[in-house]
Amino acid sequence: MPAPGLSRLAAFAAALLLAAPVHAQPGGGAENVVLAVPNVALTFAPGYLAEDLGLFARHGLNVKSVVITGIGSANAVISGSADFAEISGATLTRAAARGQRMVGIVGALNRPVIQIVLRKAIAAAAGFDPKAALDKRVQVLRGRTIAVDSINSVIHAYVLLLARRAGYNPDDIRVAPMAPNNAMAAFQTRQVDGFAMSMPWPLQPVLDGSAVVIASGSDGDPADMYPFGHNVFVAKPETCERRKSACVKLGKAMVEAINGMLDRPDDALALLKKRFAAFDDKLLAAGFAEIRQGAPRPPVVTKADLENAELYNIGAGLLKPEEKLKSYDGLYTDEYVK
(Lines give C-alpha, C1' and ligand atoms only; values in the text may rest on other atoms or scores of the structure.)
Protein backbone atom coordinates (compact mmCIF):
# COMPACT_ATOMS: atom_id res chain seq x y z
CA MET A 1 0.00 0.00 0.00
CA PRO A 2 1.52 3.39 -0.98
CA ALA A 3 2.52 5.82 1.75
CA PRO A 4 -0.06 8.60 2.40
CA GLY A 5 2.40 11.28 1.27
CA LEU A 6 3.03 9.55 -2.04
CA SER A 7 -0.70 9.07 -2.63
CA ARG A 8 -1.29 12.76 -1.99
CA LEU A 9 1.41 13.84 -4.44
CA ALA A 10 0.09 11.42 -7.04
CA ALA A 11 -3.37 12.93 -6.62
CA PHE A 12 -1.89 16.42 -7.00
CA ALA A 13 -0.17 15.44 -10.25
CA ALA A 14 -3.31 13.77 -11.55
CA ALA A 15 -5.41 16.84 -10.75
CA LEU A 16 -3.08 19.06 -12.74
CA LEU A 17 -3.05 16.71 -15.69
CA LEU A 18 -6.83 16.44 -15.75
CA ALA A 19 -7.11 20.23 -15.56
CA ALA A 20 -5.08 20.65 -18.74
CA PRO A 21 -7.15 21.30 -21.89
CA VAL A 22 -7.29 18.62 -24.54
CA HIS A 23 -5.39 20.79 -27.04
CA ALA A 24 -2.41 20.78 -24.66
CA GLN A 25 -1.66 17.15 -25.41
CA PRO A 26 1.77 16.87 -27.06
CA GLY A 27 2.08 15.55 -30.53
CA GLY A 28 4.98 13.56 -31.94
CA GLY A 29 8.25 12.94 -30.12
CA ALA A 30 9.55 15.01 -27.25
CA GLU A 31 11.72 18.03 -28.02
CA ASN A 32 15.03 18.26 -26.20
CA VAL A 33 15.73 21.63 -24.58
CA VAL A 34 18.24 22.98 -22.08
CA LEU A 35 17.02 25.28 -19.28
CA ALA A 36 19.66 27.32 -17.43
CA VAL A 37 18.96 28.32 -13.82
CA PRO A 38 21.17 30.80 -11.89
CA ASN A 39 21.18 28.99 -8.54
CA VAL A 40 19.16 26.70 -6.28
CA ALA A 41 16.37 28.66 -4.57
CA LEU A 42 12.62 28.73 -4.12
CA THR A 43 12.60 31.56 -6.64
CA PHE A 44 12.52 28.80 -9.24
CA ALA A 45 9.76 26.76 -7.57
CA PRO A 46 7.36 26.89 -10.57
CA GLY A 47 10.00 25.36 -12.84
CA TYR A 48 10.84 22.69 -10.27
CA LEU A 49 7.16 21.77 -10.02
CA ALA A 50 6.74 21.62 -13.79
CA GLU A 51 9.66 19.22 -13.94
CA ASP A 52 8.82 17.07 -10.92
CA LEU A 53 5.13 16.75 -11.79
CA GLY A 54 5.97 15.68 -15.33
CA LEU A 55 4.28 18.72 -16.88
CA PHE A 56 7.16 19.43 -19.24
CA ALA A 57 7.09 15.81 -20.38
CA ARG A 58 3.30 15.89 -20.79
CA HIS A 59 3.60 18.75 -23.22
CA GLY A 60 6.34 17.07 -25.20
CA LEU A 61 9.47 18.66 -23.73
CA ASN A 62 12.49 16.77 -22.50
CA VAL A 63 14.03 19.45 -20.28
CA LYS A 64 17.60 19.28 -19.07
CA SER A 65 18.03 21.79 -16.23
CA VAL A 66 21.54 23.08 -15.52
CA VAL A 67 22.68 25.48 -12.81
CA ILE A 68 24.85 28.27 -14.24
CA THR A 69 25.59 30.87 -11.59
CA GLY A 70 24.26 34.43 -11.81
CA ILE A 71 24.24 36.13 -15.20
CA GLY A 72 25.91 33.06 -16.66
CA SER A 73 22.42 31.67 -17.28
CA ALA A 74 21.58 34.60 -19.54
CA ASN A 75 24.93 34.26 -21.28
CA ALA A 76 24.16 30.60 -21.95
CA VAL A 77 21.03 31.60 -23.88
CA ILE A 78 22.84 34.37 -25.72
CA SER A 79 25.65 32.01 -26.76
CA GLY A 80 23.22 29.28 -27.79
CA SER A 81 24.37 26.70 -25.24
CA ALA A 82 20.93 26.84 -23.54
CA ASP A 83 17.52 27.20 -25.15
CA PHE A 84 15.84 28.86 -22.17
CA ALA A 85 16.91 30.47 -18.91
CA GLU A 86 15.24 31.74 -15.77
CA ILE A 87 16.65 35.21 -15.20
CA SER A 88 15.57 38.58 -13.86
CA GLY A 89 14.08 41.39 -15.90
CA ALA A 90 17.11 43.42 -14.82
CA THR A 91 19.42 40.99 -16.62
CA LEU A 92 17.09 40.86 -19.64
CA THR A 93 16.96 44.64 -20.08
CA ARG A 94 20.66 45.15 -19.38
CA ALA A 95 21.52 42.62 -22.08
CA ALA A 96 19.13 44.34 -24.50
CA ALA A 97 20.77 47.71 -23.81
CA ARG A 98 24.06 46.14 -24.93
CA GLY A 99 22.56 44.70 -28.11
CA GLN A 100 21.98 41.15 -26.83
CA ARG A 101 18.24 40.75 -27.12
CA MET A 102 16.19 37.99 -25.54
CA VAL A 103 12.44 37.69 -25.15
CA GLY A 104 10.57 37.03 -21.91
CA ILE A 105 7.87 34.42 -22.46
CA VAL A 106 6.82 33.51 -18.90
CA GLY A 107 6.76 35.79 -15.85
CA ALA A 108 6.95 33.41 -12.88
CA LEU A 109 7.63 36.03 -10.18
CA ASN A 110 6.78 39.73 -10.34
CA ARG A 111 8.37 41.20 -7.21
CA PRO A 112 11.98 41.24 -5.96
CA VAL A 113 11.86 38.39 -3.46
CA ILE A 114 15.25 39.22 -1.96
CA GLN A 115 16.18 39.88 1.64
CA ILE A 116 19.32 41.27 3.26
CA VAL A 117 20.02 39.91 6.72
CA LEU A 118 22.69 40.95 9.22
CA ARG A 119 24.02 39.33 12.36
CA LYS A 120 21.74 40.29 15.23
CA ALA A 121 24.57 41.27 17.59
CA ILE A 122 26.07 43.64 15.02
CA ALA A 123 22.70 45.25 14.34
CA ALA A 124 22.00 45.66 18.06
CA ALA A 125 25.42 47.24 18.72
CA ALA A 126 24.72 49.75 15.93
CA GLY A 127 21.34 50.69 17.42
CA PHE A 128 19.44 49.24 14.47
CA ASP A 129 15.73 50.11 14.36
CA PRO A 130 13.71 47.67 12.22
CA LYS A 131 10.89 50.23 12.00
CA ALA A 132 13.08 53.02 10.62
CA ALA A 133 12.86 54.22 7.03
CA LEU A 134 14.68 52.05 4.51
CA ASP A 135 17.56 54.49 3.93
CA LYS A 136 18.17 54.58 7.70
CA ARG A 137 18.11 50.81 8.05
CA VAL A 138 20.59 50.31 5.22
CA GLN A 139 23.16 52.53 6.96
CA VAL A 140 23.99 49.60 9.25
CA LEU A 141 25.53 47.71 6.29
CA ARG A 142 28.39 50.22 5.86
CA GLY A 143 31.73 48.61 6.59
CA ARG A 144 30.21 45.13 6.74
CA THR A 145 30.93 42.01 4.70
CA ILE A 146 27.81 40.83 2.89
CA ALA A 147 27.61 37.68 0.78
CA VAL A 148 25.69 37.66 -2.52
CA ASP A 149 25.17 34.89 -5.06
CA SER A 150 27.35 36.44 -7.76
CA ILE A 151 28.66 39.79 -8.99
CA ASN A 152 26.22 41.88 -11.07
CA SER A 153 23.35 39.49 -10.39
CA VAL A 154 19.89 40.80 -9.46
CA ILE A 155 20.74 40.04 -5.82
CA HIS A 156 24.05 41.92 -5.91
CA ALA A 157 22.24 44.79 -7.64
CA TYR A 158 19.78 44.93 -4.74
CA VAL A 159 22.63 45.68 -2.32
CA LEU A 160 24.09 48.28 -4.69
CA LEU A 161 20.73 49.96 -5.24
CA LEU A 162 19.90 50.29 -1.55
CA ALA A 163 23.36 51.60 -0.62
CA ARG A 164 23.17 54.27 -3.32
CA ARG A 165 19.64 55.26 -2.27
CA ALA A 166 20.88 55.54 1.31
CA GLY A 167 23.41 58.10 0.11
CA TYR A 168 26.72 56.27 0.36
CA ASN A 169 29.17 54.51 -1.93
CA PRO A 170 28.34 50.80 -2.36
CA ASP A 171 32.09 50.14 -2.12
CA ASP A 172 31.65 50.84 1.60
CA ILE A 173 30.11 47.36 1.75
CA ARG A 174 32.51 44.45 1.25
CA VAL A 175 30.79 42.01 -1.11
CA ALA A 176 31.62 38.30 -1.05
CA PRO A 177 30.16 36.27 -3.94
CA MET A 178 29.27 32.68 -3.02
CA ALA A 179 26.57 30.07 -3.49
CA PRO A 180 23.62 30.27 -1.07
CA ASN A 181 24.59 27.22 1.00
CA ASN A 182 28.16 28.52 1.26
CA ALA A 183 26.83 31.91 2.37
CA MET A 184 24.91 30.21 5.17
CA ALA A 185 28.04 28.35 6.26
CA ALA A 186 30.13 31.54 6.10
CA PHE A 187 27.54 33.35 8.22
CA GLN A 188 27.55 30.60 10.82
CA THR A 189 31.36 30.64 11.05
CA ARG A 190 31.42 34.48 11.15
CA GLN A 191 33.33 34.84 7.89
CA VAL A 192 30.62 37.22 6.69
CA ASP A 193 28.44 39.60 8.67
CA GLY A 194 25.31 38.93 6.66
CA PHE A 195 24.05 38.06 3.22
CA ALA A 196 21.56 38.97 0.52
CA MET A 197 19.72 36.05 -1.08
CA SER A 198 16.39 34.90 -2.38
CA MET A 199 14.12 32.49 -0.53
CA PRO A 200 14.37 30.55 1.69
CA TRP A 201 18.00 31.21 2.66
CA PRO A 202 17.66 34.54 4.54
CA LEU A 203 14.81 33.24 6.68
CA GLN A 204 16.87 30.55 8.41
CA PRO A 205 19.07 32.79 10.61
CA VAL A 206 16.08 35.07 11.26
CA LEU A 207 13.95 32.17 12.49
CA ASP A 208 16.75 30.84 14.69
CA GLY A 209 17.30 34.31 16.17
CA SER A 210 20.85 34.94 14.94
CA ALA A 211 20.02 37.60 12.31
CA VAL A 212 17.65 40.46 11.62
CA VAL A 213 16.15 41.55 8.31
CA ILE A 214 17.62 44.83 7.07
CA ALA A 215 15.61 45.02 3.85
CA SER A 216 12.98 42.82 2.19
CA GLY A 217 11.99 43.24 -1.44
CA SER A 218 8.89 41.08 -1.06
CA ASP A 219 7.68 43.40 1.70
CA GLY A 220 8.06 46.57 -0.35
CA ASP A 221 11.70 47.61 0.08
CA PRO A 222 11.74 49.77 -1.99
CA ALA A 223 8.05 50.36 -2.65
CA ASP A 224 8.52 51.77 -6.16
CA MET A 225 9.94 48.52 -7.57
CA TYR A 226 6.65 46.69 -8.02
CA PRO A 227 5.82 45.04 -10.37
CA PHE A 228 9.30 43.72 -11.03
CA GLY A 229 10.28 40.81 -13.27
CA HIS A 230 12.31 38.79 -10.77
CA ASN A 231 11.96 35.40 -12.45
CA VAL A 232 11.42 35.52 -16.20
CA PHE A 233 11.75 32.56 -18.57
CA VAL A 234 13.62 33.85 -21.61
CA ALA A 235 14.76 32.63 -25.00
CA LYS A 236 16.45 34.17 -27.99
CA PRO A 237 13.82 35.61 -30.37
CA GLU A 238 14.92 33.21 -33.10
CA THR A 239 14.27 30.23 -30.83
CA CYS A 240 10.58 31.03 -30.66
CA GLU A 241 10.56 31.73 -34.40
CA ARG A 242 12.31 28.53 -35.50
CA ARG A 243 11.11 26.27 -32.67
CA LYS A 244 7.80 27.86 -31.78
CA SER A 245 6.44 24.55 -30.53
CA ALA A 246 9.09 24.44 -27.80
CA CYS A 247 8.04 27.89 -26.53
CA VAL A 248 4.36 26.91 -26.69
CA LYS A 249 5.00 23.74 -24.69
CA LEU A 250 7.10 25.52 -22.11
CA GLY A 251 4.44 28.19 -21.62
CA LYS A 252 1.61 25.68 -21.18
CA ALA A 253 3.58 23.63 -18.67
CA MET A 254 4.40 26.74 -16.64
CA VAL A 255 0.79 27.95 -16.60
CA GLU A 256 -0.24 24.59 -15.13
CA ALA A 257 2.63 24.56 -12.63
CA ILE A 258 1.78 28.03 -11.30
CA ASN A 259 -1.93 27.21 -11.14
CA GLY A 260 -1.10 24.15 -9.06
CA MET A 261 1.22 26.13 -6.81
CA LEU A 262 -1.46 28.74 -6.13
CA ASP A 263 -4.48 26.44 -5.89
CA ARG A 264 -2.95 23.54 -3.94
CA PRO A 265 -0.05 25.04 -1.99
CA ASP A 266 0.22 22.27 0.60
CA ASP A 267 0.66 19.62 -2.08
CA ALA A 268 3.13 21.77 -3.99
CA LEU A 269 5.12 22.39 -0.82
CA ALA A 270 5.25 18.67 -0.05
CA LEU A 271 6.76 18.06 -3.47
CA LEU A 272 9.30 20.88 -3.12
CA LYS A 273 10.37 19.40 0.22
CA LYS A 274 12.13 16.66 -1.74
CA ARG A 275 14.44 19.25 -3.33
CA PHE A 276 14.95 21.18 -0.11
CA ALA A 277 15.17 18.32 2.35
CA ALA A 278 17.83 20.11 4.42
CA PHE A 279 15.34 22.82 5.46
CA ASP A 280 12.88 22.26 8.25
CA ASP A 281 9.18 22.48 7.49
CA LYS A 282 8.66 25.89 9.13
CA LEU A 283 11.48 27.50 7.13
CA LEU A 284 10.38 26.00 3.83
CA ALA A 285 6.75 26.98 4.39
CA ALA A 286 7.72 30.58 5.20
CA GLY A 287 9.89 30.86 2.10
CA PHE A 288 7.25 29.29 -0.13
CA ALA A 289 4.62 31.73 1.17
CA GLU A 290 6.84 34.61 0.04
CA ILE A 291 7.17 33.09 -3.44
CA ARG A 292 3.42 32.48 -3.81
CA GLN A 293 2.72 36.16 -3.06
CA GLY A 294 4.70 37.15 -6.13
CA ALA A 295 3.45 34.52 -8.58
CA PRO A 296 1.14 36.19 -11.13
CA ARG A 297 -1.79 34.43 -12.76
CA PRO A 298 -1.61 34.21 -15.69
CA PRO A 299 2.20 34.32 -15.61
CA VAL A 300 2.64 37.12 -18.12
CA VAL A 301 5.67 39.35 -18.55
CA THR A 302 4.58 42.99 -18.68
CA LYS A 303 6.13 46.25 -19.79
CA ALA A 304 6.05 47.45 -16.18
CA ASP A 305 8.02 44.37 -15.08
CA LEU A 306 10.81 45.33 -17.46
CA GLU A 307 10.69 49.10 -16.99
CA ASN A 308 11.04 48.80 -13.21
CA ALA A 309 13.78 46.25 -13.69
CA GLU A 310 15.67 48.69 -15.89
CA LEU A 311 15.26 51.50 -13.35
CA TYR A 312 16.62 49.03 -10.80
CA ASN A 313 19.73 48.57 -12.99
CA ILE A 314 20.23 52.32 -13.29
CA GLY A 315 19.70 52.86 -9.58
CA ALA A 316 22.25 50.14 -8.81
CA GLY A 317 24.79 51.71 -11.14
CA LEU A 318 24.86 48.72 -13.49
CA LEU A 319 23.44 50.76 -16.36
CA LYS A 320 23.99 54.39 -17.29
CA PRO A 321 20.84 56.56 -17.51
CA GLU A 322 21.60 57.34 -21.15
CA GLU A 323 21.59 53.59 -21.92
CA LYS A 324 17.94 53.23 -20.91
CA LEU A 325 15.92 51.53 -23.63
CA LYS A 326 13.55 53.70 -25.63
CA SER A 327 11.12 50.81 -26.06
CA TYR A 328 10.54 47.33 -24.65
CA ASP A 329 8.87 46.09 -27.83
CA GLY A 330 10.06 42.62 -28.75
CA LEU A 331 11.44 41.91 -25.26
CA TYR A 332 8.28 40.30 -23.90
CA THR A 333 5.18 38.49 -25.11
CA ASP A 334 2.06 36.91 -23.62
CA GLU A 335 1.60 34.60 -26.60
CA TYR A 336 2.67 31.45 -24.79
CA VAL A 337 0.77 31.83 -21.52
CA LYS A 338 -2.71 32.73 -22.76
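Qualifying trypsin sites (Lys or Arg not before Pro) in region 207-307, where qualification requires a DSSP coil assignment and no more than 13 other C-beta atoms within 10 Å, comprise Lys274.
Taking amide H atoms as placed 1.01 Å from N in the peptide plane, the amide H of Ala85 lies under 5 Å from those of Ala36, Val234, each 5 or more residues away in sequence or on another chain. Residue-wise HN-Hα couplings along region 208-214, as the Karplus relation 6.51 cos²θ - 1.76 cosθ + 1.60 with θ = phi - 60° gives them from phi, are 8, x, 9, 9, 10, 7, 8 Hz; Gly and Pro carry x. For Ser65, the residues whose modelled amide H falls within less than 5 Å of its own, excluding neighbours fewer than 5 places apart on the same chain, are Leu35.
Taking amide hydrogens as placed 1.01 Å from N in the peptide plane, the amide H of Ile114 sits under 5 Å from those of Gly217, Ser218, each at least 5 positions away in sequence or on another chain. Secondary structure note: in the chain, about 55% of the DSSP beta bridges are antiparallel. Per residue, the convex hull spanned by the alpha carbons of the chain comes to 128 Å³.
The orientation-averaged projection of the convex hull spanning the C-alpha atoms of region 65-204 amounts to 9.3 square nanometres. Net charge in the neighbourhood of Met261 (other residues with Cβ under 12 Å of its Cβ; Lys, Arg +1, Asp, Glu -1) is -2. Near Arg297, once Lys and Arg are set to +1 and Asp and Glu to -1 for all other residues with Cβ below 13 Å from its Cβ, the sum equals -1. Expressed as a whole percent, the accessible area of the chain that falls on carbon and sulfur atoms is 53 (1.4 Å probe). Computed from backbone phi with θ = phi - 60° and the Karplus coefficients 6.51, -1.76 and 1.60, the 3J(HN,Hα) list for region 305-322 is 4, 7, 5, 5, 5, 6, 4, 4, 4, 5, x, 7, x, 8, 8, 6, x, 6 Hz; x is used for glycine and proline. Here the Karplus curve 6.51 cos²θ - 1.76 cosθ + 1.60, taken at θ = phi - 60°, turns the phi angles of region 34-40 into couplings of 10, 10, 8, 10, x, 6, 9 Hz, with x standing for Gly and Pro.
Charged neighbours of Ile78, selected by a Cβ distance under 15 Å, balance to +1 (K, R count +1; D, E count -1).
The values are calculated or read from the model by the stated rules, or taken from the named source; none is laboratory data. Just so you know, these numbers come straight off a predicted model, no measurement behind them. Neighbour counts run over all protein chains shown; Cβ positions are idealised from the backbone, glycine included. Areas reflect the complete protein model, heavy atoms only, side chains present, ligands, DNA and RNA absent. Shrake-Rupley method; radii C 1.70, N 1.55, O 1.52, S 1.80 Å.
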